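**Student:** This is the structure I have questions about; it appears just below.
The values are calculated or read from the model by the stated rules, or taken from the named source; none is laboratory data. Computed from a prediction, not measured in an experiment: that's the story for all the values here. Glycine gets a Cβ as well: all are built from the backbone with ideal geometry, and neighbour counts include every protein chain shown. Remember, those area values only see protein heavy atoms, side chains included, never the ligands or the DNA or RNA. Shrake-Rupley method; radii C 1.70, N 1.55, O 1.52, S 1.80 Å.
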Amino acid sequence: MSKIQAIRGMNDLLPDQSPVWQYFERQVRALMGRYGYLEIRTPILEQTALFKRSIGEVTDIVEKEMYTFEDRNGDSLTLRPEGTAAVVRAAMENGLLHNQTQRLWYTGPMFRHERPQKGRYRQFHQVGVETFGMDGPDIDVETILLSARLWQQLGLMEHVTLELNSLGSNEARAAYREKLVAYFEQYADTLDEDAKRRLHSNPLRILDSKNPDMADVIAAAPQLLDHLDNESREHFDKLKALLDAAGIDYVVNPRLVRGLDYYNRTVFEWTTTALGSQGTVCAGGRYDGLVEQLGGKPTTAVGFAMGVERLVLLLETLELVPADVNHTLDAYIMAFGDAAEREALLLGEQLRSALPQLRLQVHCGGGSFKSQVKKADKSGATLALILGEDELTRGSVGLKYLRETRDQEELDRSALIEHLTSHLSRIA
RNA sequence: GUGGGUGUAGCUCAGUGGUAGAGCCCCGGAUUGUGGCUCCGGUGGUCGUGGGUUCGAUCCCCAUCAUCCACCCCA
C-alpha cells in the first residue's frame, strides 16, 4: 500500500517551528491593535468568479494557479489565492463600506498552484491590511508606517528596502499602455517569447524582465511615471513628502508593477536580498476601483499583504528569533509507583488551579527514576517535583533544582504553593 | 509550466554490482530513588516507488513520485 503523504507544496508546521510563528503572530496582533485595525476573517473558499473579476482574467494567478473545483451542487469554487478580494466581498456584503471608513487586517492560508521552492509554497500564509474609504496619501503612508514598525519590532528594518511606484489612474495607465505597446512593437524582433506573449495581455510586466538581451530596449522605453495624470502625480508627490517627514527611506522603482490587475496609483514592495529569489516580503498598494468593479459603490482602498513563511524564514536566516520564544516549563512532576502517579496527576491540577501562571507538566508513562529525571531535564523545567513512596508516606514533595547548584529539598505539601510562587518570581 | 541537483535509520550523512554503516536521537546499564559529562550495550532500514539490464542491483539504465535550487510568477 502506498504511503499517504501531504499534498505537494503544503507543509506541516511542526512543534519545533510553532514558537517562531506564534512569536510573529503575537507581534502582528499587538501591532494591529496599536493602530486601531480590526481583524476580519473570511472563508477559505469563495466563488471562482470573485477572483476572476478582481485579480483579472489574464493574470498568471487566475490563468494557471488557482485551486478551482466544482462542489456537489456544480458550483465553481476556488481556494482563495490572496486575501484582498475576499475582504472586499465580505466588507461589501456586510455593509462595512456604507458611508464609513474601515481599517481591517486578516491572516490565514492562501493557495496557489505554483512550483514550490524556497519561500514559495502552494499553501502559504499571509498577513494583510485593507483600508477603505480614505483617498488621501495619508492612509497610504499609514499602512507603510505600520509595516515599517513591524520590521522595527522584529529587528528587520536594516534588512529590508521599500520600493515605491505610482501606476496613476486607470485612464492614464491605459494611455501609457498603448504608448508602451507601440514602442515595443517597434522592437518586436528583440523581444523574447515571454515578452511577446505579454505584449497585448500585460505589457507593463515586460518592464520587469530580467532578460539581459532586452535590457537596452527596456531602459529606453517610455516611463510610466512620466505619464501620470495630474491628480496621481500630486498624490505621489505628497506621499513621498510624508514618507520623508516620517524618516522612512525608499527607492522609487519605475518598473514596479503589481501582478494583480486591481491596483492604481500607489504600489509598494518591501524586499530583502537575504532570501534568494523570493525577495518580496510584503507588497501592496492602492486599489480604488475594486469595490466598484465588484458591484459596490465607488470606494477608495489601500492595503498590503506580507508572506508569513518568508518573514519567518528571514527571521531565522538572520538569527533574529529571540531565544525565549521557546515556551518551556517551570516545573515537572516525577512520580514513582502507582499511588504516587495518581497523586501526581491530582497535585498537578491543584497547582494549576492555585497558580495560573505556572507552566507544569506531570510525568506520564512510568519509567525508572533515572529516566524521569532525564525527561524532567529535557523538558526545560527549572524545577522537578518528586513524588515517590517515601514522600507519599510523609505527605511531602521532593524539590530538585535543575538549573542551579542548590541542594535538593523536601517540603511539606502544605508549603508547596507558597514555595512555587517565590520560585516563579525568582526565576522570571 | 521549464531547467538542474538530491532521495540510504527519527535527524545529518558515508558507502559498495555480491541485499548496508557512522554521528546525533531514543532505550538500557555502569550509579538498588537522581539529569547535564564520560564509558559500555541495545532498538531501529521493503537503501523513495515501479520497471529494465545482470547469475545477482541500494549502486547501472528508464520511468514515476517527492524534495531542494533557479527560471517564470508572486507574499
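**Student:** For the list (1) open to solvent by less than 40 Å² (accessible area, probe 1.4 Å); (2) near RNA strand B (Cβ under 10 Å from one of its atoms), I need the number of the one condition that residue A:331 fails.
**Tutor:** Residue A:331 satisfies all of (1) open to solvent by less than 40 Å² (accessible area, probe 1.4 Å); (2) near RNA strand B (Cβ under 10 Å from one of its atoms) except (2).
**Student:** Is it the case that some residue within segment A:67-78 is of a type in the set (Ser, Thr, Tyr), in a strand (DSSP E or B), open to solvent by less than 20 Å² (accessible area, probe 1.4 Å) and in the same structural domain as residue A:262 (by TED's automatic domain parsing)?
**Tutor:** Looking for residues that are of a type in the set (Ser, Thr, Tyr), in a strand (DSSP E or B), open to solvent by less than 20 Å² (accessible area, probe 1.4 Å) and in the same structural domain as residue A:262 (by TED's automatic domain parsing), one finds at least one in segment A:67-78, hence yes.
**Student:** Do the conditions hold for residue A:131, that is, is it of a type in the set (Ser, Thr, Tyr), open to solvent by less than 10 Å² (accessible area, probe 1.4 Å), in a helix (DSSP H, G or I) and touching a residue at least 40 places away in the same chain (Cβ under 8 Å)?
**Tutor:** no
**Student:** Taking the stated definitions as given, is residue A:236 of a type in the set (Phe, Trp, Tyr), within 12 Å of RNA strand B (Cβ to nearest atom) and at pLDDT 95 or above? Show your work before the answer.
**Tutor:** Working: of a type in the set (Phe, Trp, Tyr): yes; within 12 Å of RNA strand B (Cβ to nearest atom): no; at pLDDT 95 or above: yes.
So residue A:236 does not fit the description; no.
**Student:** Among the residues that make up segment A:372-390, is at least one of them more than 25 Å from residue A:20 (Cα to Cα), open to solvent by 20 Å² or more (accessible area, probe 1.4 Å) and either in a strand (DSSP E or B) or more than 10 Å from RNA strand B (Cβ to nearest atom) (or both)?
**Tutor:** No, the conditions are met nowhere in segment A:372-390.
**Student:** Can you tell me which residue in segment A:272-287 is nearest to RNA strand B (Cβ to nearest atom), limited to those that are buried (at least 19 other Cβ atoms within 10 Å of the Cβ) and either closer than 18 Å to residue A:144 by Cβ or at pLDDT 95 or above (or both)?
**Tutor:** A:283
**Student:** I would also like to ask the following. Within segment A:305-327, does at least one residue satisfy the condition of being in a strand (DSSP E or B), open to solvent by less than 20 Å² (accessible area, probe 1.4 Å) and more than 11 Å from RNA strand B (Cβ to nearest atom)?
**Tutor:** no
**Student:** Which ones in segment A:353-371 are within 6 Å of RNA strand B (Cβ to nearest atom) and free of Cβ contacts under 8 Å to residues at least 12 places away in the same chain?
**Tutor:** A:367, A:368, A:370, A:371
**Student:** Count, please, the residues in segment A:152-206 that happen to be part of a helix (DSSP H, G or I), open to solvent by less than 30 Å² (accessible area, probe 1.4 Å) and touching a residue at least 40 places away in the same chain (Cβ under 8 Å).
**Tutor:** Final tally of qualifying residues: 5.
**Student:** Against the definition (assigned by TED's automatic domain parsing to the domain that holds residue A:39 and loosely packed, with under 14 Cβ neighbours inside 10 Å), how does residue A:297 come out, yes or no?
**Tutor:** yes
**Student:** In addition: Does residue A:28 qualify as being modelled with pLDDT of 90 or more, in a helix (DSSP H, G or I), within 11 Å of RNA strand B (Cβ to nearest atom) and aliphatic (A, V, I, L, M)?
**Tutor:** no
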